[in-house]
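Worksheet for the structure shown next.
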Amino acid sequence: MKCRVCREPAIIDIRRHNANFCTEHFLRLCRDQTVKAIEEFDMLAPGDRVLVAVSGGKDSLAVWDILLDLGYDADGLYLGLGIGEYSDSSGEFARAYATKRGVKLIEVDLPADYGYDIPTGARAAKRVPCSACGLSKRHLFDQAAIEGGYDVVVTGHNLDDEAAVLFGNTLRWSTDYLGRQLPVLPARHGFPRKVKPLVRLGEREMAAYCVVKGIDYIVEECPMAVGNKHLGYKEALNAIEATSPGTKHDFYFGFLSRASAHFRPQAEGEQADLLPCISCGAPTTTEVCAFCRLVERAGGQMPERAPERSPEPVAVSLGPTRSAGAGQ
Ligand code: Q46
Ligand code: ZN
Ligand code: ZN
């Protein structure tokens, strides 16, 4: 097995590219594909202050690493979700990486700062854990970005994640979600821009990237993910990809170039005037936002100081891109 570029011994084969790569050219490929996604979808501008949502897993640590190597001013944000040992250990990986690179990691801890954790909070609020988790993460990423003066929130969603979410949304014809499933959600009143620079790279490549770069990450899946639909969709797509390499890429990028625009008007038609939440100030269509209602039902409490956001009525957000959290 030889590297496509230099003919030296290869360390990885990437079937959808029909090619093998040595260490040097594999790392270059990861960087080039990230740059290509950033440029193609106008994700980041020079000088942007970037906040990377870091879970301690391979994807979020890899995207942080690649952005730092590319020279971006990128801090990390770690959310402690209170999911037992999984959270303890994922936090350690995130901290260890930040220390090793000498970069800033902001931490928010749900149990310590808001008085609830995902498993008990979800039960109390009668939500499935990934729904309570996704809602909490979106709110706290937005809030940390706005409070910290960041221009953009980066997440580590890769091609496998996006293809699986698209697959699920298509199977259910969730046209509202299809209208919002984009690699970039522009900044809107009260919400920061959100981007996914790894959409051109697969899960296996991100694991290999971390191994090659010596980045330690949490290998275990979140215990709450076991048996969820998202993993089932990934497995189904993996089975198809095994016989038809490139299918995930064609499915996702074909959707973006040929189908996505058809669903946009509906998603935009659902835009409504937003007002600041009376409890936390986040833009919302209801008097009290969904996050504050979750905190209340979960028996938690808001921290002393509520963030100042959106003092006036604001228009429109496209909201989340998925029905349940999946990968960071
Ligand atoms: S962390 Fe949260 Fe995920 Fe765990 S509870 Fe579900 S959404 S699976 S990426
Ligand atoms: Zn090579
Ligand atoms: Zn609120």
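The values are calculated or read from the model by the stated rules, or taken from the named source; none is laboratory data. The structure displayed is predicted, hence computed values, not measured ones. Positions of Cβ are generated from backbone atoms using ideal geometry, with glycine treated the same way; all protein chains shown enter the neighbour counts. Each accessible area value is taken on the protein alone, full model and side chains, heavy atoms only, with ligands, DNA and RNA left out. Shrake-Rupley method; radii C 1.70, N 1.55, O 1.52, S 1.80 Å.
Taking each DSSP H run with n ≥ 4 as -39500 (n - 2.57) and averaging over every residue of the chain yields -13500 deg cm²/dmol at 222 nm. Which lysines does residue 234 reach when only Cα atoms under 16 Å apart count, and residues fewer than 8 places away in its own chain are ignored? Answer for residue 234, where 16 Å is the Cα cut-off: 248, listed by chain and number. Ranking of 150, 72 by solvent-accessible surface, largest first: 72, 150 (1.4 Å probe, protein heavy atoms only, all chains present). At an R0 of 22 angstrom, the distance between the Cβ atoms of residue 39 and residue 4 translates into a FRET efficiency of 0.45.
Full extension of the segment from residue 187 to residue 238, taken as 0.36 nm per residue of separation minus the current Cα-Cα distance, would add 15.0 nm. Accessible surface comparison of 302, 1, probe 1.4 Å, protein chains only, largest first: the order is 1, 302. When Rg and the Kirkwood radius Rh are both evaluated on Cα atoms of region 35-126, their ratio Rg/Rh stands at 1.06. Here is the size of region 102-197 from its Cα atoms: Rg then Dmax, 15.2, 45 Å. Modelled spin-label separation between residue 95 and residue 151, with each label point placed 7 Å from Cα along the Cα-to-Cβ direction: 3.2 nm. Taking R0 as 35 Å, what's the FRET efficiency between residue 15 and residue 85 from their Cβ-Cβ distance, rounded to 0.05? The pair residue 15/residue 85 has a calculated efficiency of 0.50.
Summarising the label geometry, the points placed 7 Å from Cα in the beta-carbon direction at residue 70 and residue 226 lie 3.7 nm from one another. Computed on protein heavy atoms with a 1.4 Å probe, the accessible areas place 221, 85, 107 in the order 85, 221, 107, largest first. The length gained by stretching the chain between residue 285 and residue 259 to full extension, at 0.36 nm per residue less their Cα-Cα distance, is 6.5 nm. Size of region 33-297: Rg and Dmax of its alpha carbons, in Å, are 18.1, 53.
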